[in-house]
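Colleague: Please read through the structure below; I'll follow up with questions.
Every number in this text was worked out from the coordinates using simple rules, so none of it is lab data. Fair warning: this is a prediction, and the values are worked out from it, not measured in the lab. Every residue, glycine among them, receives a Cβ derived from its backbone with ideal geometry; neighbour counts consider all protein chains shown.
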Amino acid sequence: MLTIVALISGSGSNLRALLEACDNPLYPAKIRAVGADRPAEGLEHAELFGVSTFVLEPGKFSSKDQWADLLLHSIQYHKPDLVVLAGFMRILPPQVVRALAGKIINIHPSLLPAFPGAHAVRDALAAGATVTGATIHLVDEGVDTGPVIRQQEISLPPGITEPELHELIKAVEKKQLVEVIREIGEGKLKLSEVGK
Ligand code: GRF
């Protein structure tokens, strides 16, 4: 059984999809804990599924390093096989990435390397892109730069608004996330072989 710690910042709709998948005894993964960098709305999903939560707000620590150390400790306490950034809107500190190297995945609402960063949906629309997408990638110390695990293209319907496009992308992200984690749990997808 693949054990997971998920980190979120927002509404947690991707987290919700994963919690629902993990609720099926035939699904090969379990979420051990959900952490957030703010009192995120999405934590309610974890509570509903009886999954423990932790909130570590960087602004409440005297230094970024202190926050990073406690974040790492809180993740490692649950001994996860995998850490899933499911809408965690903060750059993971380098010491956390190094300590968990090869075990952290992120979901991103664009076809990386196009449109990295926090406003990928808005940036794709502003650039007049006709195609965007959803990406799952391994996390390295850069911003959305790690090796791609899975991508799916999405055509932009003319006149679509940013919230509409984001919803369209999230629908794809959820399926992709549940599928990729299933494959990792079943041993069909080996993160150690991604990007090689
Ligand atoms: C997703 O689109 C994800 O790609 C991005 O943040 C969004 C999170 O949405 N990093 P939700 O909180 O899962 O609804």
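Colleague: On a full-extension model of 0.36 nm per residue, what is the gain between Ala114 and Val143, subtracting their alpha-carbon distance, rounded to one decimal in nm?
Modeller: 9.2 nm
Colleague: Set the Förster distance to 41 Å, then compute FRET efficiency between Ser63 and Ser192 from the Cβ-Cβ distance, nearest 0.05.
Modeller: Approximately 0.80, to the nearest 0.05.
Colleague: What do you get for the angle between helix 13-22 and the principal long axis of the chain? Use alpha-carbon atoms, 0 to 90 degrees, nearest ten.
Modeller: Its long axis makes an angle of about 60 degrees.
Colleague: Summing Lys, Arg as +1 and Asp, Glu as -1, what charge do residues with Cβ under 13 Å from the Cβ of His166 carry, His166 excluded?
Modeller: -2
Colleague: OK, next. Would you mind checking the tilt of helix 162-185 against the longest principal axis of the Cα atoms of the chain, expressed as 0 to 90 degrees and rounded to 10?
Modeller: 50 degrees
Colleague: Also, I was wondering about something else. I need the semi-axes of the equivalent ellipsoid of the stretch 87-164: take the C-alpha gyration tensor, multiply each eigenvalue by 5, square-root it, list largest first in whole angstrom.
Modeller: Over the Cα atoms of the stretch 87-164, the ellipsoid semi-axes are 26, 12, 9 Å.
Colleague: Ranked highest first by average number of other Cβ atoms within 10 Å, how do 153-162, 87-96, 23-32 line up?
Modeller: With the highest mean Cβ count within 10 Å placed first, the list reads 87-96, 23-32, 153-162.
Colleague: Also, quick follow-up: Enter the Cα centre distance for the pair the stretch 1-54 and the stretch 78-113, rounded to the nearest angstrom.
Modeller: 15 Å
Colleague: What's the angle, to the nearest 10 degrees (0 to 90), between helix 64-76's Cα axis and the longest principal axis of the chain?
Modeller: Relative to the chain, helix 64-76 is tipped by roughly 80 degrees.
Colleague: Distance in nm between label sites at Ile160 and Leu70, each 7 Å beyond Cα in the beta-carbon direction?
Modeller: Each label point lies 7 Å from its Cα, and together they span 4.0 nm.
Colleague: Could you tell me the ratio Rg/Rh of the chain? Both radii from Cα atoms, Rh via Kirkwood.
Modeller: 0.95
Colleague: Before rounding to the nearest 500, sum -39500 (n - 2.57) across all DSSP H runs of length at least 4 in the chain and divide by the residue total; then give [θ] at 222 nm in deg cm²/dmol.
Modeller: -10000 deg cm²/dmol
Colleague: Considering Cα pairs under 8 angstrom that are at least six residues apart, work out the relative contact order of the chain and quote it in whole percent.
Modeller: Reported relative contact order: 20 percent.
Colleague: Given Lys30/Lys64; Lys64/Lys190; Lys79/Lys170; Lys60/Lys174; Lys79/Lys190, which pairs have Cα atoms separated by over 25 Å?
Modeller: Beyond 25 Å: Lys30/Lys64; Lys64/Lys190; Lys79/Lys170; Lys60/Lys174.
Colleague: Could you give the alpha-carbon Rg of the stretch 1-89 over 2.2 N^0.38 Å, rounded to two decimals?
Modeller: 1.05
Colleague: Multiply the residue separation of Glu41 and Val131 by 0.36 nm, subtract the distance between their alpha-carbon atoms, and state the gained length in nm to one decimal.
Modeller: Computed gain between Glu41 and Val131 is 29.4 nm.
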